[in-house]
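So the structure is just underneath, and the comments pick up after that.
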């Protein structure tokens with residue numbers, strides 16, 4: 001696939017909203033491409049990226065220089081367009097007409113990979129050389145790859161379906177092969193089309209099964225409430241009695257498979273191999289009989305309480321364990337499923353059987369070790385399950401998982417088999433005080449809001465939120481904001497406080513890094529409170545009380 | 001900048017020439033209005049008398065029925081209270097003009113809206129030497145650079161053929177005065193059947209009566225739509241594209257022709273499959289070129305990216321300043337959904353009104 005074909009594929013994918021047409025375009029382009037190019041295109045579309053080798057500031061400065069524009073004008077353009085890669089592509093002086101097309105592989109090799117080790121002067125030469133030999137659409141694609149913000153809004157599942165079709169491989173088989181990632185090379189691409197060698201298979205995780213989200217208030221007496229059927233798309237309007245389900249805490253950790261076929265491997269869904277980050281888990285895994293694969297979550301623990309996901313950050317990305325580095329906290333692998341036992345793939349067996357096998361497997365281990373069994377909760381009915389869910393925050397978990405006991409283990413997100421049923425979010429009413437232009441679909445509209453709470457006479461920012469309003473509301477809010485701008489700081493517009501939004505978030509903690517002294521998790525907009533004025537917004541003290549309530553419930 | 005009182009000043013009703021006793025494109029009813037072109041943000045009803053380019057009289061009469069309108073051929077001098085006034089082609093839409101105003105040896109030109117690209121439906125822009133140039137700057141950011149418009153038309157026709165092969169109607173949004181006719185005039189009979197929304201048809205008839213050749217057009221009624229299902233090319237105003245009217249064209253491919261289509265976010269926000277960069281305004285290099293060609297000492301910028309362009313022109317040694325007007329509330333602006341905002345010093349506050357959805361289109 002040439003760079004131009006790749007650019008036009010990206011354009012095509014953005015243009016159509018029909019899934020079948022998108023897959024069609026993908027298949028068409030992947031089939032027509034040389035293997036090295038197809039590999040790269042697929043690799044990027046799957047969401048992989050190269051490490052960013054050029055700073056945004058450098059790119060802006062080079063463009064300003066080449067186009068003979070002030071940096072302020074380039075910044076005004078970026079504000080207007082929203083997307084940096086696109087802004088810069090629109091500003092680069094027109095390349096000579098009829099520039100020849102280039103294979104994608106050549107661009108990635110010359111225009112991207114060599115940047116990583118180049119000096120600043122050399123980096124500039126490399127980037128400018130690409131500008132002079134690519135047309136505008138290709139420059140846009142190049143900038144997307146360069147800034148590492150390559151998102152075309154195509155779900156991974158569609159890309160997998162297209163790759164499977166292009167390679168004429170069964171989709172589930174391909175997903176198995178992709179589970180461990182693949183190298184964006186000719187060899188990597190061709191390998192996807194043929195069975196893996198046994199050594200490679202031994203290193204790979206199974207495709208993870210994921211849960212669907214159960215809508216708020218969905219369960220009433222075990223029946224999914226009317227009106228929510230559409231959300232569930234018919235997949236289980238009646239959950240049946242609660243004892244047909246395995247009910248577990250929803251852990252807030254890093255989802256991972258512990259692979260003990262030979263030497264143990266810890267493979268996380270989001271991060272790839274994590275062996276070096278959690279040496280105590282790997283050590284414990286050596287006491288498991290070889291030939292098994294466990295599914296679960298890695299968490300850090302303080303006493304008998306799990307610590308939130310954010311506490312894992314320090315461990316992730318560590319490649320080799322340095323003695324003493326992790327002494328102050330304890331990592332555990334909390335196992336909730338068994339995919340292979342004694343070298344046999346048991347995924348097609350019902351969950352009930354797999355759970356029993358997992359329990360007897362772990363019964364042999366040290367009960368106080370780094371591999372633990374995920375607790376099975378046994379509510380008598382759905383009302384009691386709901387009580388357990390509501391109490392989740394006090395136990396440091398995110399809610400409940402409901403897993404159908406008869407169901408096999410399936411990669412992806414099979415309907416009606418696993419549900420995540422999260423604790424109700426915390427809610428406050430906050431005032432919009434700053435706004436910034438969004439990106440992608442929201443480019444050019446002020447859609448990224450900073451929200452504040454009352455503290456005496458002043459308003460103190462507590463959260464940034466980007467989502468939750470309809471397109472029509474976004475446009476309406478944008479109009480109001482632009483009339484009420486009172487100042488600006490770079491791309492940020494300071495507005496006269498007038499709009500109040502109901503904000504939901506997962507939790508709040510005391511923080512020394514935030515001006516408000518509080519850090520909220522996953523804030524998002526629930527709705528626009530047109531009926532409220534800033535005077536009706538919540539006080540900072542209310543949020544502080546929530547943080548303290550959560551902390552008190554810790555041991 | 002001359003020290004005498006300026007030839008034009010800003011009043012509550014708009015740009016006013018005290019010496020000549022007339023307004024240019026006033027936004028409130030006045031005695032005597034000189035109109036650059038018939039778009040609703042420049043030509044508003046209620047004034048006692050209107051003066052416009054002879055070629056634009058019929059278009060203006062369609063937009064403001066019953067008005068007292070006098071036409072002046074391009075280039076012909078008029079004496080209004082000792083002020084010499086003439087109209088010069090602006091290349092924007094049929095009958096559009098720049099207004100040249102000369103008084104005591106000083107010349108001002110009000111550009112109205114203009115473009116430099118060729119357009120089969122209107123006379124091409126002619127630069128006019130002046131001391132003070134009042135220029136629009138709708139696309140006054142350097143990201144806006146148009147390619148060859150004939151290539152965009154070729155892309156449009158290719159999209160239209162592709163749709164026909166897939167058995168889908170092709171619906172394109174275009175401003176009802178100017179853009180729609182420019183697109184239509186660039187099409188051939190074999191691009192048909194071409195269906196036209198009811199808000200656009202009357203203006204097509206006016207264009208035809210003024211000698212502009214357009215292909216055969218069918219009304220975009222439900223019956224006609226049904227009988228040509230899957231193979232029609234439909235032209236409609238931007239406001240119709242998102243509305244219930246579109247139900248008459250299930251599974252249609254949606255596109256738009258506008259300068260704003262250069263930015264992907266605008267296309268995606270509207271759920272458009274294609275965007276054709278065909279604008280009736282000057283792009284950034286076009287603005288720079290047109291302003292330079294006037295040889296002006298002062299340029300006053302209205303509607304658009306006033307502040308960034310003014311700052312840019314000042315770095316080029318020009319005396320460039322913002323001028324707060326209520327121009328720019330036309331459909332080109334409506335495509336944007338966002339963009340300009342009130343300048344920090346409070347000028348150009350009316351620009352905020354541009355942030356309207358396509359409903360900003362006012363049909364007579």
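Observations, loosely collected:
- If the condition is being more than 16 Å from the chain's Cα centre (by Cα) and surrounded by 21 or more Cβ atoms within 10 Å (Cβ to Cβ), then the stretch B:104-127 contributes B:108, B:109.
- Flag if residue A:7 is modelled with pLDDT under 85, part of a helix (DSSP H, G or I) and assigned by TED's automatic domain parsing to the domain that holds residue A:99: no
- Each residue in the stretch B:266-297 was checked for being touching a strand residue (DSSP E or B) at 6+ places or on another chain (Cβ under 8 Å), away from every other protein chain (no Cβ under 14 Å) and assigned to a helix (DSSP H, G or I), and 3 of them qualify.
- Within the stretch A:414-424, the set of residues being farther than 13 Å from residue A:214 by Cα and either buried (at least 19 other Cβ atoms within 10 Å of the Cβ) or modelled with pLDDT under 80 (or both) is empty.
- In the set A:488, A:529, A:493, only one residue is in contact with a strand residue (DSSP E or B) (Cβ under 7 Å, 6 or more places away or on another chain) and without any contact (Cβ under 8 Å) to a residue 40 or more places away in the chain; that residue is A:488.
Residue-by-condition table, conditions (1) surrounded by 15 or more Cβ atoms within 10 Å (Cβ to Cβ); (2) over 19 Å from residue A:434 (Cα atoms); (3) at pLDDT 90 or above; (4) out of contact with any helix residue (DSSP H, G or I) (no Cβ under 7 Å at 6 or more places or on another chain):
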position	(1), (2), (3), (4)
A:484	yes, no, no, yes
A:501	yes, no, yes, yes
A:507	yes, yes, no, no
A:531	no, yes, no, yes
A:555	no, yes, no, yes
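- Scoring residue A:37 on the criteria (1) facing chain B (nearest Cβ under 9 Å); (2) within 30 Å of residue A:188 (Cα to Cα) leaves a single failure, condition (1).
- Here residue B:70 fulfils each of the conditions (1) at pLDDT 95 or above; (2) assigned to a loop (DSSP other than H, G, I, E, B); (3) more than 21 Å from the chain's Cα centre (by Cα) apart from (2).
- For residue A:435, the conditions (1) touching a helix residue (DSSP H, G or I) at 6+ places or on another chain (Cβ under 9 Å); (2) assigned to a strand (DSSP E or B); (3) at pLDDT 90 or above; (4) away from chain B (no Cβ under 14 Å) are fulfilled apart from (4).
- Any chance residue B:219 is over 30 Å from residue A:93 (Cβ atoms), more than 14 Å from chain A (Cβ to nearest Cβ) and crowded, with 16+ Cβ neighbours inside 10 Å: no
- Against the test of being modelled with pLDDT under 85 and more than 13 Å from every other protein chain (Cβ to nearest Cβ), the options A:99, A:108, A:54 yield a single qualifying residue, A:99.
- Residue A:179 being buried (at least 17 other Cβ atoms within 10 Å of the Cβ), at pLDDT below 80 and either in contact with a strand residue (DSSP E or B) (Cβ under 9 Å, 6 or more places away or on another chain) or assigned by TED's automatic domain parsing to the domain that holds residue A:268 (or both): yes
- Given (1) touching a helix residue (DSSP H, G or I) at 6+ places or on another chain (Cβ under 6 Å); (2) away from chain B (no Cβ under 14 Å), number of the condition residue A:517 does not satisfy: (1)
- Test: residue in the stretch A:90-106 that is surrounded by 18 or more Cβ atoms within 10 Å (Cβ to Cβ) and without any contact (Cβ under 8 Å) to a residue 12 or more places away in the chain: no
- When the stretch A:10-34 is filtered for residues that are without any contact (Cβ under 8 Å) to a residue 60 or more places away in the chain, within 14 Å of another protein chain (Cβ to nearest Cβ) and in a helix (DSSP H, G or I), the ones remaining, listed by number, are A:12, A:15, A:20, A:21, A:24, A:25, A:28.
- Any hit, the stretch A:454-466, residues being surrounded by 15 or more Cβ atoms within 10 Å (Cβ to Cβ) and within 12 Å of chain B (Cβ to nearest Cβ): no
- Residues of the stretch A:471-499 satisfying the condition of being at the interface with chain B (Cβ under 9 Å from one of its Cβ atoms) and assigned to a strand (DSSP E or B): A:485, A:487, A:488, A:493
- Residues satisfying the stated conditions in the stretch A:31-42, i.e. surrounded by fewer than 24 Cβ atoms within 10 Å (Cβ to Cβ) and either within 29 Å of residue B:251 (Cβ to Cβ) or at pLDDT 90 or above (or both): A:31, A:32
- Subset of the stretch A:387-406 that is surrounded by fewer than 17 Cβ atoms within 10 Å (Cβ to Cβ) and touching a residue at least 40 places away in the same chain (Cβ under 8 Å) - its residue that is farthest from residue A:521 (Cα to Cα): A:406
- Whichever residue in the stretch B:153-193 is modelled with pLDDT under 90 and assigned to a loop (DSSP other than H, G, I, E, B) and, among such residues, is surrounded by the fewest Cβ atoms within 10 Å (Cβ to Cβ): B:188
- Breaking point among (1) within 20 Å of the chain's Cα centre (by Cα); (2) touching a residue at least 40 places away in the same chain (Cβ under 8 Å); (3) part of a helix (DSSP H, G or I); (4) under 27 Å from residue A:12 (Cα atoms), for residue B:150: (2)
- Checking residue B:97 against (1) within 28 Å of residue A:63 (Cα to Cα); (2) in contact with a strand residue (DSSP E or B) (Cβ under 9 Å, 6 or more places away or on another chain), the condition it does not meet: (1)
- Among residues that are assigned by TED's automatic domain parsing to the domain that holds residue A:63 and within 25 Å of residue B:308 (Cβ to Cβ), residue A:75 is included.
- Hits in the stretch B:298-316 - residues which are more than 15 Å from residue B:133 (Cα to Cα) and either modelled with pLDDT of 85 or more or away from chain A (no Cβ under 14 Å) (or both): B:305, B:307, B:308, B:311, B:312, B:315, B:316
- For the stretch A:53-65, residues that are part of a helix (DSSP H, G or I) and surrounded by fewer than 17 Cβ atoms within 10 Å (Cβ to Cβ) total 5.
- Scanning the stretch B:247-261 for residues that are touching a helix residue (DSSP H, G or I) at 6+ places or on another chain (Cβ under 7 Å) and in a helix (DSSP H, G or I) gives B:248, B:259, B:260, B:261.
- Only one of the listed residues (B:90, B:67, B:38, B:43) is assigned by TED's automatic domain parsing to the domain that holds residue B:123, in contact (Cβ under 8 Å) with a residue 12 or more places away in the chain, touching a strand residue (DSSP E or B) at 6+ places or on another chain (Cβ under 6 Å) and crowded, with 22+ Cβ neighbours inside 10 Å. That residue is B:90.
The values are calculated or read from the model by the stated rules, or taken from the named source; none is laboratory data. Since the structure is predicted, the reported quantities are computational estimates derived from the model, not experimental observations. As a convention, Cβ positions derive from the backbone with ideal geometry for all residues, glycine included, and neighbour counts pool all protein chains shown.
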